[in-house]
Amino acid sequence: MGSPDLNIPHNLPLIATEDLEAVNATLTSGWIAQGKAVSSLESFFVEKYAQGFSCALSSGTSALFLALKGLGIKTGDRVAIPTYACSAILNAVYMLQAKPVLVDVLPDTFCLDPQGLNEVQDISAVVAVHTFGAKADVQKMIDSHVVVEDCCQSVWGADNESLLGMVGSAAVFSFYATKIITGGQGGLVWSRDESLLNTVKDYRQFDGRTFYEPRFNFQMSDIQASLIVSQFKRFETITRRRQFIARQYLDALPIGLSFQKGADKTGAVLQRFVVIAPNVSIRDRFQKHMLDGGVNCIVPIMRFELLHNYLKLDPQQYPVAENIADRTLSLPIYPALTDAQVKLISNCIKNFKI
Ligand SMILES: *Cc1c(COP(=O)(O)O)cnc(C)c1O
């Protein structure tokens, strides 16, 4: 087996000693289901936003589903979502038997195009994704739309003026293994709207109710919550490390390769560092060059994964997403990378002949 530096994975969770201690304390406490640790994660979000209500859940997908349900989205309602996004969003819309209306994205941020949103009619709600850590322009949408902010890839970040997630009607988070803060799995809804949150809370569990209504089990366990709460204590360190790594890569980028807008912003909370190549063949060559150097990179969303392609809609209606899918590559940016690995990756980027 060669040096581990020669096969750097695209992503790895960072579990610190404090995390192990926190989880261990829960495991030995006699209570491992939804309990005190879940409540403390929820209070933590309310304190962070200094207002509102929150509900921890089993995943980001269940958070999206329940946020939309809390907004009253029902069978047949039209929900606008970006086509350049993971299928979790589509699934959440279908779980409500609502109708997804796909909108193209902007070429610089990869986030939902507010202009494109204005061109679709009869929209009951919009899911605006802060893609990979870039900020979606929710402000431009809220005058005429009800917006759920999908913060699964950018916990609070991207903006020095205010925390992401505060502009729309609700914000949803994911704590899946590849996200900035993880509990293995997990999700959360935050909102200023108490009745929305009451709907979410009501639906998450079914035990001990005075009247029956179909409800589900979307609970987070205290095992997961204690890991998440423990990781949030290092939030500043984690995000600063991601920013530091991004800066090394920005400095190393050869002329001709660019990057997703926002990656160079101070205070950005980046889930991914995404390079933009001039075309698909250079992108593929760049990916192979990195792999030959021992660095595993991924195409963040492939062409076939674009939601309009899953739904067999006309790709010509979504030119920006098609273009981004062909030209982008995501580099390792997680805090578990050592300085030596970051240097190795930076050198590998620098040595690419375009
Ligand atoms: C990960 C993710 C989700 C889904 O979260 P899960 O916890 O995996 O269900 C939804 N939206 C975005 C933008 C995501 O990145």
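The values are calculated or read from the model by the stated rules, or taken from the named source; none is laboratory data. Not measured: the values here are computed from a predicted model. Neighbour counts run over all protein chains shown; Cβ positions are idealised from the backbone, glycine included.
The table for this structure:
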{"quantity": "Condition met for D108 (charged (D, E, K, R) and either surrounded by 21 or more Cβ atoms within 10 Å (Cβ to Cβ) or closer than 15 Å to V147 by Cα (or both))", "calculated": "no"}
{"quantity": "Complete set of residues in the stretch 83-102 that are of a type outside the set (A, V, I, L, M) and part of a helix (DSSP H, G or I)", "calculated": "S87, N91, Y94"}
{"quantity": "Selection count where residues are crowded, with 17+ Cβ neighbours inside 10 Å and either in contact with a strand residue (DSSP E or B) (Cβ under 8 Å, 6 or more places away or on another chain) or without any contact (Cβ under 8 Å) to a residue 12 or more places away in the chain (or both), scope the stretch 254-276", "calculated": "9"}
{"quantity": "Residue in the stretch 175-185 that is more than 16 Å from the ligand (Cβ to nearest atom), exposed (fewer than 15 other Cβ atoms within 10 Å of the Cβ) and assigned to a loop (DSSP other than H, G, I, E, B) present", "calculated": "no"}
{"quantity": "Options N296, N279, N323; residue that is free of Cβ contacts under 8 Å to residues at least 60 places away in the same chain and away from the ligand (no atom under 16 Å from the Cβ)", "calculated": "N279"}
{"quantity": "Failed criterion for L164 (all others in (1) touching a Gly at 6+ places or on another chain (Cβ under 7 Å); (2) closer than 21 Å to F273 by Cα; (3) near the ligand (Cβ under 10 Å from one of its atoms) hold)", "calculated": "(3)"}
{"quantity": "Of residues in the stretch 178-228 being over 22 Å from the mean Cα position of the chain (by Cα) and hydrophobic (A, V, I, L, M, F, W, C), the one farthest from G35 (Cα to Cα)", "calculated": "F211"}
{"quantity": "Those helices (runs of 4 or more DSSP H) lying entirely in the stretch 208-314 with at least 1 residues more than 30 Å from E18 (Cβ to Cβ) and either small (G, A, S) or modelled with pLDDT of 95 or more (or both)", "calculated": "235-252, 280-292, 307-310"}
{"quantity": "Test: residue in the stretch 133-148 that is in a strand (DSSP E or B), touching a residue at least 40 places away in the same chain (Cβ under 8 Å) and under 22 Å from A277 (Cα atoms)", "calculated": "no"}
{"quantity": "S62, sole failed condition from (1) in contact (Cβ under 8 Å) with a residue 24 or more places away in the chain; (2) assigned to a helix (DSSP H, G or I); (3) more than 15 Å from the ligand (Cβ to nearest atom)", "calculated": "(3)"}
{"quantity": "Residue among A37, A67, A25 that is part of a helix (DSSP H, G or I) and either within 16 Å of the ligand (Cβ to nearest atom) or touching a strand residue (DSSP E or B) at 6+ places or on another chain (Cβ under 8 Å) (or both)", "calculated": "A67"}
{"quantity": "C151, sole failed condition from (1) away from the ligand (no atom under 13 Å from the Cβ); (2) of a type outside the set (D, E, K, R); (3) free of Cβ contacts under 8 Å to residues at least 24 places away in the same chain; (4) surrounded by 24 or more Cβ atoms within 10 Å (Cβ to Cβ)", "calculated": "(1)"}
{"quantity": "Residue within the stretch 199-220 that is of a type in the set (A, V, I, L, M), buried (at least 24 other Cβ atoms within 10 Å of the Cβ) and either under 26 Å from Q260 (Cα atoms) or more than 14 Å from the ligand (Cβ to nearest atom) (or both) present", "calculated": "yes"}
